[in-house]
Amino acid sequence: MKISDLTASISSKNFWIDALVGGGGLYSNFNWLLPVRNTVYYSFTLDTDKLFTSAETVAPYSQVNIVQQNSIKNALAYITSLIGINFKEIQDPKQADLYFANADIKDKNIAASTDVDWFYNYDLLSLEISKLSIKQYIYFDNNEYKSSNESAALGNYGYELILHELGHALGLKHPFESPGTILSPTLDNTNNTLMSYTQASESHTEYSPYDIAALIYLYGTDGIGGDFGYYSKSKIIYGTSSSEVIYCGTGYDSIDGGRGIDTVKFSLPYKFGGIENYIIRKLSSDSWTVSTFANASNNNSIAVPDSIETLTNVERLQFANTSVALDLNGNAGIAAKILGAVFGNRSLQNKEYVGIGLHFLDLGWSYDNLAVLALNAVGAVTNDQVVSLLWTNVIGSPPLDEDKQPFIKLLEDGMTQGALVRLAADSTLNSIQINLIGLMQTGIEFTPV
């Protein structure tokens, strides 16, 4: 690590993470500790030397009470379960990395504050840091906010404030704070991140989704110096409950899209970013790997670093020259089955058709509504035309009159044309015609609308 790394912006290219970590050294984080260790020491003992030099606090100072101590310990245990850092209490505050105290914070609008000092040794020529220690001081106001702070317990505002300040100590900024990405005001609330000043609901007992994504991006789930984290080759990227585009790097990343319809974007330069330079493999019903070749160019003249992205709960992939839908058990499967039944199995090679179907389904259109749109597109209007079309595409040959009659009667008796398309599209014969099992292993290419 060089001195410049201490003030460098952190960027995942994903706004819900970068709004909390991309502060250009605004907040330190325990990944900086050198020598690397996965134990962070904390103390509740008053450090009078530090108290009298703090620029943000004034007397009276007091030790955090037993209620506060228990809440802090609960919060630290929760953080351990989340990102794998071990926290150990010690008595000597001067040996601690993390320190807690009550004090009168000068700004009357601030209920708590995190102060930081760091010290490092470095090589004058290379500017490489050989040793670095971090001291994080968390102060809880004992004047204006005395009551809520000194009664902090699971489920109240005082406990949420502990999580907020520990977020700063771990490297998170406010989502409205620059430098770095600024979160949209519509998203800047505590239901998304406890680092927000906008309270959206009852007090929280755990971090909100953006906080979790940011902390795990910084530290992984195996703590400081583990296999995952911002300063490791591998990173863990969490999506949110919304549909979003997730940008990945070129390492050995693990990406969990969460809920919604999520697209992972592969961002190698166009010359190397085409699908032909990647290998897509299915691991399970909702898990895939996407790997790059060691040499992406056809003549192997330019080496591209190996990259393996492990994907969970991801529905779409975006490459430089095409996109791939993986959710063949969801909207992509519906689009493929309708195309096969209405347009014939060769239509699945038409990426524009696949993209149109996905577009409407992703907007919330029903199976039957999209089926009717497809019938209109091919000009199948009468019951006879609809049945003949579906039979030909699903069975593979034109129907006889006696073949058509039972299905025409279903329509005459009240079944909608969209429902009949769904019946045909979901049939085993149609799945065989479009090779649905094969598509489930590879995904299906499409052009986004």
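Quick notes on this structure:
- Qualifying residue in region 60-80 (condition: farther than 21 Å from residue 207 by Cα and either under 26 Å from the mean Cα position of the chain (by Cα) or without any contact (Cβ under 8 Å) to a residue 12 or more places away in the chain (or both)): yes
- Checking each residue in region 22-72 for being modelled with pLDDT under 95 and part of a helix (DSSP H, G or I) picks out 30, 31, 32, 48, 49, 50, 51.
- Residue in region 123-152 that is surrounded by the fewest Cβ atoms within 10 Å (Cβ to Cβ), counting only those that are in a strand (DSSP E or B) and acidic (Asp, Glu): 128
- Scoring residue 445 on the criteria (1) within 30 Å of residue 283 (Cα to Cα); (2) in a helix (DSSP H, G or I) leaves a single failure, condition (2).
- Set side by side, the residues 139, 99, 145 differ, and just one is without any contact (Cβ under 8 Å) to a residue 60 or more places away in the chain and within 30 Å of residue 1 (Cβ to Cβ), which is 99.
- Test: residue in region 368-376 that is within 30 Å of residue 448 (Cβ to Cβ) and free of Cβ contacts under 8 Å to residues at least 12 places away in the same chain: yes
- For region 371-388, residues that are in contact with a Phe, Trp or Tyr (Cβ under 9 Å, 6 or more places away or on another chain), within 17 Å of residue 347 (Cβ to Cβ) and crowded, with 22+ Cβ neighbours inside 10 Å total 2.
- Looking only at region 67-122, and only at residues there that are out of contact with any strand residue (DSSP E or B) (no Cβ under 8 Å at 6 or more places or on another chain) and of a type in the set (Ser, Thr, Tyr), the one that is surrounded by the most Cβ atoms within 10 Å (Cβ to Cβ): 71
- Residue match in region 409-422 (condition: of a type in the set (Lys, Arg), assigned by TED's automatic domain parsing to the domain that holds residue 377, closer than 18 Å to residue 371 by Cβ and out of contact with any strand residue (DSSP E or B) (no Cβ under 7 Å at 6 or more places or on another chain)): yes
- Residues (under 19 Å from residue 416 (Cβ atoms) and surrounded by fewer than 21 Cβ atoms within 10 Å (Cβ to Cβ)) located in region 331-369: 360, 364, 365, 366, 367, 368, 369
- Sole residue being among the charged types (D, E, K, R) and under 22 Å from residue 42 (Cα atoms), chosen from 144, 206, 128, 202: 206
- Odd one out for residue 98 among (1) in contact with a Leu (Cβ under 9 Å, 6 or more places away or on another chain); (2) more than 24 Å from residue 226 (Cβ to Cβ); (3) aliphatic (A, V, I, L, M): (2)
- Filter pass, residue 196 being modelled with pLDDT of 95 or more, among the polar types (S, T, N, Q) and assigned to a helix (DSSP H, G or I): no
The values are calculated or read from the model by the stated rules, or taken from the named source; none is laboratory data. Not measured: the values here are computed from a predicted model. Don't worry about glycine lacking a Cβ; one is built from the backbone with ideal geometry, like all the others, and counts go over all protein chains shown.
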